[in-house]
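The values are calculated or read from the model by the stated rules, or taken from the named source; none is laboratory data. Everything numeric here is computed off the predicted structure, so don't read it as measured data. So basically every Cβ, Gly included, is an ideal-geometry build from the backbone, and we count neighbours across all protein chains shown.
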Amino acid sequence: MSKSAGLFNLSLDKILSDDQSFLDQARIRLLYYGLGIVFIAIASLLSNIYYQHQPLITYTAIAMLVYTAISFKFLTYNGNWRFISHGLLILASFVNLLDVFYTFQNVNIVTIQMVILVVIFSFYMLGQTYGIFYSILNLIPVLIFLVVQYNNAYFIQFKPEQIDQSTIIIAVFANFILLIYIHSHFYTAFFRNIQELKKTSEDQAVLNEKLGSAIDKAEKSSQAKSEFLSTMSHEIRTPLNAVIGMSNLLLMSNPRHDQRENLEILKFSGANLLAIVNDVLDFNKIESGRVVFENIGFNLTELMQGICGGQKIKAEEKGLLFKLDIDNSLDTKVLFGDPTRITQIIFNLISNAIKFTKEGNIGVRCTVIEDRHNTITVNFAVKDTGIGIDQHNIDTIFEPFAQESITTTRQYGGTGLGLAIIKRLLELQGLKMNVNSVLGQGSEFSFSMEFPVSTEQHVPRVDNKLPLPANDTLSHIRMLIAEDNVVNVMLMKKLLSKWNITPTIAENGERAVQLVQYGNFDIILMDLQMPIMNGFDAAIEIRKLPDPKKANIPIIALTASALFDIRERVFNSGMNDYVSKPFKPEELLEKIQTLTVQI
C-alpha cells in the first residue's frame, strides 16, 4: 500500500506500489474494477425488485449494495485486498445459502452462478487452501438441500418469495459479466506474468553469463597478480641474494671494525627489504585463500625459546629487558599444530613490541588456561612498555598497509602488514586477537589457542648440529651448480671457496642433465628458474637416468620464487630439499653436510 493513500482517496495508483508482486497488483485491480461492476449490477437488481413487494430480497440487495460501497472505500483507504476478499466471500456464501434454504427454497440458475463465482473468486484471490474452504462451504449445503428436496422432505414455515423473469435475466447477465471479467482479468495477468518471468529468465541468463565472465576475469586477474608477485619476488630476491650474500662473505673475512659496521648496516638494510617483500607475499597468499595449516607434533617450550632467542638479543641491544615466561607444564608435552604459523605470529608481535618500545621491558608469556589431558588451551601474550595505542585506533592497526598514524609510519617505518597478517592467520583458525593498551604506557597483545596433546612425552632435544667444517673438511665434495645468473654464480663460488669446494657450473637445466650424465657429482644445487630447461624438469630428467647412483644424487633447490605450491613442486620433482634466496650460509652448509654425510 502506498503511504499517500488516505480516507478520501479514490485512486487506484495510490494503493499500488512497486514492492507488491505482479499477482497482488492484479488482485487489487480486480477488486477495484470488480466492485464497481458488482455495485452497478446490484443497483440494477434493486431498482427492478423494489416494485415487486418482496421485502426479504429487497433488504438483502440493499445490504449487499451498502457492503459493496464500504468495501470499495476500505480498499482505496488502505489496499487490504485479503481482508476485503474474505468479507465478500463470507457475505456471498451467507446470501447464497439464505436464498437456497429460506428466501427461495430452491436451487436456480442464479444460485449455480453464485456458487461458481465463489469458487473462482476464492481460488484466484486467496489461493488453494481458502479456495477449497469456500467451495465446500457453498457446495455441500446446496447438495444437501437438493437431496432433501428430491425426497420431498424439505419444509419450513415461510412462504418462498418469487422474482420475475426480468430480474432473473438481469442477475444471470450480471453474473456472466462478472465471470467473464474475472477470467479475462486473471488470464491477462497470468499471461503477462509468464512474459515477465520469461523476460526475467532471459535477463538472468544474460546476468549469469556476465557474472561468469566477471568471475573468469577475477580469477585470471588473481592468477596474474600471484604470478606477477612471484616474478617480482624472484627479481627482487635475486639481487638481494647477492647483497646479503656478499655482506655475509665480507663479514666472514675478518674486516676492520669500521668496515664491519658498514657491512652490518648493509646486511641489516637488505634483511629489512627482504622482510618487506616477505610480508607482501605472505599477505597475498592469505588473501588468495591458499594458506594450508600443518598439523604436526612439536614442543611449545622449545619453539618459544627458539623464537625468542634472536629477539632477546635484539631487545637487549636496544637496552630493553626481555623476559620469557613459559608454563612449566608445557615442558614435557608434545602438541599438534602448525609451529611455522605460530612462529610467524609471535615473531611479528615481538618485533612490533621491540620496534615501538624505547625503554623499559618486553614480556612474552605462555600460560595454560585449560588442560583436558587430550587437549590443552594456551594463552599467548606479548606485553611492552612502548608508545601505546589510542583506543579509537585499535581496529585500524589491523587493517592492511595501515598503522596508527602517519607520524608512526614516518618515525618507525614498516609496511603496516604485520598485524594484518597476524589477524588473518588467527581468523582462519577461528581465533581473535585481544588488545589492551594505554597511550604512552604500553600495549599487550594476547590470544588463546587450543592444541591436541600427544600421549607421548617430549624428550628434550640434544643439539646434533654438525660442526662447522675445517678448511679442508668439504674439499672432497664434487658439487654441480645449475644457475644462470652470473652474479649468483660468482657469489656461490666465493662462498664455497671458504669451504674449499670448487663447483662445476651449468648455465641451464639442460646443461646440468648433460653434465650429470657424463660426470660424477656428490650433490647438486639447482636453481629453479632457468632458460631452456628449468630446475623442476632438470631434476625429473636426472631421476630418470639409468645409472642408480646418478639418478639418486642429492639435489637442493635454490629458489627466489614465491609461488604458493613451491615446496610441494620441489619435492614432487624428486629434489631432496630447498633453500630460499637470499639464504643464510650456515643453513646451506647444514643441508649440504646432512645430504653428503655418508660420502
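Selection of the range 100-131 for residues being closer than 25 Å to Gln54 by Cα and free of Cβ contacts under 8 Å to residues at least 24 places away in the same chain yields only Ile112. The single condition from (1) in contact with a Leu (Cβ under 6 Å, 6 or more places away or on another chain); (2) over 30 Å from Gln52 (Cα atoms) that Ile170 fails is (2).
Residues in the range 548-560: is at least one at negative phi and modelled with pLDDT under 85? Within the range 548-560, one or more residues are at negative phi and modelled with pLDDT under 85. Here is the figure for the range 419-457: residues that are assigned to a strand (DSSP E or B) and either free of Cβ contacts under 8 Å to residues at least 60 places away in the same chain or farther than 19 Å from Leu330 by Cβ (or both) total 10.
Yes/no per residue for (1) outside the structural domain of Tyr32 (by TED's automatic domain parsing); (2) within 16 Å of Leu30 (Cβ to Cβ); (3) among the hydroxyl-bearing types (Ser, Thr, Tyr):
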site	(1), (2), (3)
Ile62	no, no, no
Tyr67	no, no, yes
Ser85	no, yes, yes
Asn106	no, no, no
Gln113	no, no, no
Val118	no, yes, no
Phe145	no, no, no
Gln149	no, no, no
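Say we look at the range 144-158 and pick out the residues that are under 16 Å from Phe104 (Cβ atoms) and among the aromatic types (Phe, Trp, Tyr); which of these is surrounded by the fewest Cβ atoms within 10 Å (Cβ to Cβ)? Residue satisfying both the conditions and the ranking: Phe155. Of the residues making up the range 69-81, not a single one is without any contact (Cβ under 8 Å) to a residue 40 or more places away in the chain and either farther than 28 Å from Ser17 by Cα or in contact with a Pro (Cβ under 6 Å, 6 or more places away or on another chain) (or both).
Only one of the listed residues (Lys210, Lys220, Lys159) is of a type in the set (Lys, Arg), modelled with pLDDT of 85 or more and either within 24 Å of Leu97 (Cβ to Cβ) or assigned to a helix (DSSP H, G or I) (or both). That residue is Lys210.
In the range 323-371, which residue that is of a type in the set (Ser, Thr, Tyr) and within 25 Å of Ser437 (Cβ to Cβ) is farthest from the chain's Cα centre (by Cα)? Out of the qualifying residues, it is Thr357.
A search for C-beta distances below 9 Å between a residue of the range 525-554 that is without any contact (Cβ under 8 Å) to a residue 24 or more places away in the chain and any residue that is polar (S, T, N, Q) and not in a loop (DSSP other than H, G, I, E, B), counting only pairs 6+ apart in sequence or on different chains, returns Asp547/Gln517. Tell me yes or no: at least one residue of the range 136-156 is within 25 Å of Tyr59 (Cβ to Cβ), touching a residue at least 60 places away in the same chain (Cβ under 8 Å) and part of a helix (DSSP H, G or I). Checked the range 136-156: no residue is within 25 Å of Tyr59 (Cβ to Cβ), touching a residue at least 60 places away in the same chain (Cβ under 8 Å) and part of a helix (DSSP H, G or I). All of Ser47, Ser85, Ser93 fail the test of being exposed (fewer than 13 other Cβ atoms within 10 Å of the Cβ) and assigned to a helix (DSSP H, G or I), apart from Ser47.
Quick check, is Ile276 crowded, with 18+ Cβ neighbours inside 10 Å and not hydroxyl-bearing (Ser, Thr, Tyr)?
For Ile276, the condition - crowded, with 18+ Cβ neighbours inside 10 Å and not hydroxyl-bearing (Ser, Thr, Tyr) - is not met.
Against the conditions (1) more than 24 Å from Ala420 (Cβ to Cβ); (2) surrounded by 20 or more Cβ atoms within 10 Å (Cβ to Cβ), Ile350 satisfies every one except (1). Restricting the range 303-336 to residues that are in contact with a Pro (Cβ under 8 Å, 6 or more places away or on another chain) and surrounded by 16 or more Cβ atoms within 10 Å (Cβ to Cβ) leaves a set whose member that is nearest to Val378 (Cα to Cα) is Leu335. When Ser166, Ser184, Ser122 are checked against the criterion of being surrounded by 15 or more Cβ atoms within 10 Å (Cβ to Cβ) and among the small types (Gly, Ala, Ser), Ser122 stands alone in meeting it. Just one of the listed residues (Asp527, Asp537, Asp547) is more than 27 Å from Ser247 (Cα to Cα) and surrounded by 14 or more Cβ atoms within 10 Å (Cβ to Cβ), namely Asp537. Scanning the range 169-181 for residues that are touching a residue at least 24 places away in the same chain (Cβ under 8 Å) and either exposed (fewer than 14 other Cβ atoms within 10 Å of the Cβ) or over 60 Å from the mean Cα position of the chain (by Cα) (or both) yields a count of 5. Would you be able to say whether some residue in the range 361-371 is among the charged types (D, E, K, R), surrounded by fewer than 16 Cβ atoms within 10 Å (Cβ to Cβ), in contact (Cβ under 8 Å) with a residue 12 or more places away in the chain and in contact with a helix residue (DSSP H, G or I) (Cβ under 9 Å, 6 or more places away or on another chain)? Checked the range 361-371: at least one residue is among the charged types (D, E, K, R), surrounded by fewer than 16 Cβ atoms within 10 Å (Cβ to Cβ), in contact (Cβ under 8 Å) with a residue 12 or more places away in the chain and in contact with a helix residue (DSSP H, G or I) (Cβ under 9 Å, 6 or more places away or on another chain). The sole residue among Leu515, Leu496, Leu480 that is among the hydrophobic types (A, V, I, L, M, F, W, C), at pLDDT 90 or above and out of contact with any helix residue (DSSP H, G or I) (no Cβ under 8 Å at 6 or more places or on another chain) is Leu515.
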